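What follows draws every value from the coordinates through simple rules; no lab data is involved. A quick note: this is a predicted structure, and the numbers were derived from the prediction, not measured. When we count neighbours, we look across all protein chains shown, and the Cβ atoms used for this are built from the backbone with ideal geometry, even at glycine.
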Amino acid sequence: MATIPLTQSWNLKNWQGHDFLDFADHSALDLQDLLALAIDLKDKHQKGTPFRPLAGKTLGMIFEKASTRTRVSFEVAMFQLGGHALFLSGSDTQIGRGEPIPDTARVLSRYVDGLMIRTFGHANVIELARYATVPVINGLTDLHHPCQVLADILTLWEKKGTLKGLTVTYIGDGNNMANSWLVAAPKFGLNLHIATPAGYECDPAVVEQAQGYAKLHGTEIVLTHDPVVAVTNTDMIYTDVWASMGQESEQQERLDKFTAYQVNAELVKHAKPDYLFMHCLPAHRGEEVTSDVIDGPNSVVFDEAENRLHVQKAILVATMA
């Protein structure tokens, strides 16, 4: 993949009216177009250039999981694009009382122009998209978090000026973040190393899928239980909390098993001197990452968080405009 320029003639024909559930659903070229659109929209935002292609349109936002960045970035994105966002918590809607997802999808499609859902089971998102007649965006499931990884990749491009041939290292739980990195990295020309404790590896079906993409795009995927092997000579280190939402009962057990996977000053010595540190946030400082790393000169976590706004704009424009 060539270096993505600051602006390019992006092609949205394969995005218009379609869902954004998982990187696997879209070609490498279409994903690169989406990233280029995010770069262009961020440039417009920084220059104060008005851009309101979603005037008169409404996004319904279904939240079955708590959120800071997802809710605020989507809500602000819709406002800045000229549209409106509706916050729909699980406890405030009939979905929380057992209404079938197909019924909810059919009804909400009569009211809004797009749906974003942040939930637990990935099957819920697939079912919502199957029965909705408007675009559906995956704001997070237990299996994938594509919106976050697209923001991460935008940040990596900004800081390094290219993506092709860079190595990203993920340390910790083989969760939704690791799964989305597996599918996305090859399509953006990135090598990926993942280090997880035994028993906490990534989803096997996602791994198999990603290895096929890596072969197709000429990139490397390394799966290991050794964090030092994973970070050696890497361009970026990424981690996430050891116990995600819904896993609170496993907190102590995970603390015991993940201790060797903490991103700290000793571990990052094995990375390139100009490595970047990223975290999807919120972070449990002193657990998966030490404060000297997350607050250190190589950390770009707040630039990364800001880019959620610009990536959400691109997804909304691509699917709904």
Charge dipole of the chain built from unit charges on the beta carbon (Lys, Arg +1; Asp, Glu -1), centred at mean Cα; most positive-end Cα among 134, 161, 225 is 134
Which order results if 116, 320 are arranged by neighbouring Cβ count within 10 Å, fewest first? 320, 116
Binned Cα-Cα distances of the range 81-147, short to long, each 5 Å bin given as a whole percent: 4, 17, 28, 30, 16, 5, 1
Karplus (6.51, -1.76, 1.60) ³J(HN,Hα), θ = phi - 60°, over the range 66-76, in Hz, Gly and Pro reported as x: 4, 7, 10, 5, 5, 5, 5, 5, 5, 5, 5
If you put +1 on each Lys and Arg Cβ and -1 on each Asp and Glu Cβ, how big is the dipole of the range 239-321 around its Cα centre, in Debye rounded to 20? 280
Using +1 on the beta carbon of Lys and Arg, -1 on that of Asp and Glu, and nothing else charged, what's the dipole of the range 148-304 about the Cα centre, debye to 20? 600
For the chain, with a Gaussian network of springs between Cα atoms less than 10 Å apart, report the residue from 127, 201, 248 with the top mean-square fluctuation. 248
For residue 145, distant residues with modelled amide H under 5 Å away: 180
Two-decimal ratio, the range 148-304, of alpha-carbon radius of gyration to 2.2 N^0.38 Å: 0.95
Members of 164/272; 44/272; 42/269; 47/313; 159/187 lying beyond 22 Å, as alpha-carbon distances in this model show: 44/272; 42/269
When only alpha-carbon atoms are used, what values of Rg and Dmax, in angstrom, describe the range 108-231? 15.8, 52
Extension reserve of the residue 11-residue 250 stretch, reckoned as 0.36 nm per residue once the Cα distance is removed: 81.6 nm
Return the long-range amide H neighbours of residue 89 (sequence gap of 5 or more, or a different chain), with a cut-off of under 5 Å between placed amide H atoms. 63
Along the positive direction of the dipole of the chain (beta-carbon charges: Lys, Arg +1; Asp, Glu -1; about the Cα centre), which of 297, 84, 278 reaches farthest? 84
By count of other Cβ within 10 Å, fewest leading, how are 30, 256, 226 ordered? 256, 226, 30
I need the phi-derived Karplus couplings for the range 196-204: 6.51 cos²θ - 1.76 cosθ + 1.60, θ = phi - 60°, integer Hz, Gly and Pro marked x. 10, x, 4, x, 10, 6, 5, 4, x
For the chain, what does the helix formula give at 222 nm: sum of -39500 (n - 2.57) over DSSP H segments with n ≥ 4, over the residue count, nearest 500 deg cm²/dmol? -12500 deg cm²/dmol
Defining a contact as two alpha carbons under 8 Å apart and six or more residues distant in sequence, what relative contact order in percent does the chain show? 20
Amide H to amide H under 5 Å from residue 170: which residues, 5+ apart in sequence or cross-chain, H placed 1.01 Å off N in plane? 193, 194, 195, 238
